[in-house]
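Heads up: the structure comes next, in structure tokens.
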Amino acid sequence: MKLNQLRYICEVARRGLNVSAAAEALYTSQPGVSKQIRLLEDELGLQIFVRSGKQLSAVTPAGQEIIAEAEQILQKVRNIRAIAQEHREENRGSLSIATTHTQARHALPPVVAAFRKRYPKVSLHMHQGTPMQIADLAARGSVDFAIATEALELFEDLVMLPCYRWNRSVVVPEGHPLTQIRPLTLEAIAEYPIVTYVFGFTGRSKLDQAFAERGLKPEVVFTATDSEVIKTYVGLGLGIGIIASMSFDPVRDKGLVALNAHHLFEDSVTNIGFRRSTYLRGYMRDFIQLFAPHITDEILEQAAAVRSKEERAKLFAELDPHLRLADAPGQEPG
């Protein structure tokens, strides 16, 4: 049994049983991957994959258990290499982060700048995607950290920690009737077409929940994953926008006004997640603490030991008073 064989079966499973895509990702040939999988199956005396002709069509029950064990072995190998590099080259390495556009554009720039100043020999790699894609990348060990507001809690293999809280502003063109309403209400907002985030992005679930609890069904006429796109279409008169307050800049977003809506929606919390078995190098711990200063090494150890939803909820409750509000609310209407 060879490590490459374990890499091949794991990558094929990740790629939806597409051997060619797995081979491309591993910088090798499709026949070579197929051959090594066959050799591993022969050695084990059972099939890992079900075949339909020359195509792989499913993972066998035994194959599912084998792939799960192989993933753990490959993670241990990565950890061994990380430990060796930590002792050999303490401040050199790489750090990969998967996150959403909102985090990458508005929350992470000062953290990345401070980190690069402290660790100029560590290369940073940022991947953007949906919260589900981001969490999946971290759970599979394809990236070091996932940073998002939604979906991370769905992956039990992730150690997850709350970093900061944020809320929303309603964005309207200058002179819009909503600028004269005090206090701003959900009922008043619901009278206008709404432009906001795609469901599953940037705390959208909290927004929908707030309207539902008041029995309101606002007309969402346009959704996007990017705050900048939302503001563009608000400026074109498509509707009023509901965005993360941190994504509004009164200097850059001329012609628009952000109205404080923090009293209308429950705060959302952005989390950082990483695979439970990940070895955190010193600079990785520093990155977390630059992003969320309340997360100490002791808290990281506590989080890694959490095994149930109840334990996670207790830890989150203990950390909640320490979470900063990351964004300034928009102006009060009226």
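The values are calculated or read from the model by the stated rules, or taken from the named source; none is laboratory data. Just so we're clear, the structure is a prediction, and the values are computed from it rather than from any experiment. When we count neighbours, we look across all protein chains shown, and the Cβ atoms used for this are built from the backbone with ideal geometry, even at glycine. We work out accessible area using only protein heavy atoms, side chains counted, and drop any ligands, DNA or RNA first. Shrake-Rupley method; radii C 1.70, N 1.55, O 1.52, S 1.80 Å.
About its Cα centre, the chain has a charge dipole of approximately 1040 debye under the convention of +1 per Lys or Arg Cβ and -1 per Asp or Glu Cβ, with nothing else charged. With the chain treated as a Gaussian network of Cα nodes joined by springs under 10 Å, which of Ala292, Ala22, Ala258 yields the largest mean-square fluctuation? For the chain, modelled as a Gaussian network with Cα springs under 10 Å, the answer is Ala22. Loop-located chymotrypsin sites (Phe, Trp or Tyr not before Pro) in segment 1-98 (DSSP state not H, G, I, E or B) with no more than 10 neighbouring Cβ atoms inside 10 Å: Tyr27.
Where the only charges are on Cβ atoms (+1 Lys, Arg; -1 Asp, Glu), what is the dipole of segment 1-160 about its Cα centre, to the nearest 20 debye?
Approximately 720 debye in magnitude.
Kindly provide the helix-only [θ] at 222 nm of the chain, computed as the sum of -39,500 (n - 2.57) over DSSP H runs of four or more divided by all residues, to the nearest 500 deg cm²/dmol?
Working: 12 runs with 134 residues, N = 334.
Taking each H run of at least 4 residues, the total per residue is -12000 deg cm²/dmol.
Sequence-distant contacts, meaning Cα pairs under 8 Å at least 6 residues apart, place the relative contact order of the chain at 20 percent.
Carbon and sulfur together cover what percent of the accessible area of segment 84-213 at a 1.4 Å probe radius? Heavy-atom surface of segment 84-213 belonging to carbon and sulfur, 1.4 Å probe: 50 percent. Taking label positions 7 Å along the Cα-Cβ direction at both Leu39 and Ala114, the computed distance is 5.0 nm, reported to one decimal.
Look at (i) 88, 55, 33; (ii) 66, 46, 34; (iii) 75, 48, 37: the one that is Cα extents along the principal axes in Å derived from this structure is (iii).
Work out which GluC sites (Glu not before Pro) in the chain are exposed loop sites (DSSP not H, G, I, E or B, at most 12 other Cβ within 10 Å) and give the longest gap free of them. Within the chain, the longest run free of exposed GluC sites (Glu not before Pro) spans 220-334.
Taking square-rooted eigenvalues a ≥ b ≥ c of the alpha carbon gyration tensor, is segment 1-77 rounded, prolate or oblate, where a/c under 1.5 means rounded and, failing that, a/b exceeding b/c means prolate? Rounded, because the longest to shortest axis ratio a/c is under 1.5.
Evaluated over the chain, the count of Lys pairs having alpha-carbon atoms less than 24 Å apart is 10 (only pairs 8 or more residues apart or interchain). Segment 241-295 and segment 55-82 have Cα centres spaced 33 Å apart. Taken about its Cα centre, segment 131-171 carries a charge dipole of about 260 debye when Lys and Arg each add +1 at the Cβ and Asp and Glu each add -1 at the Cβ.
Once the C-beta distance of Leu46 and Leu124 is scaled by a Förster radius of 41 Å, the resulting FRET efficiency is 0.45 to the nearest 0.05. Computed from the C-beta positions of Ala84 and Arg182, the FRET efficiency with R₀ = 45 Å rounds to 0.15. In the context of the full set of protein chains, segment 126-233 has a per residue accessible area of 42 Å² (1.4 Å probe).
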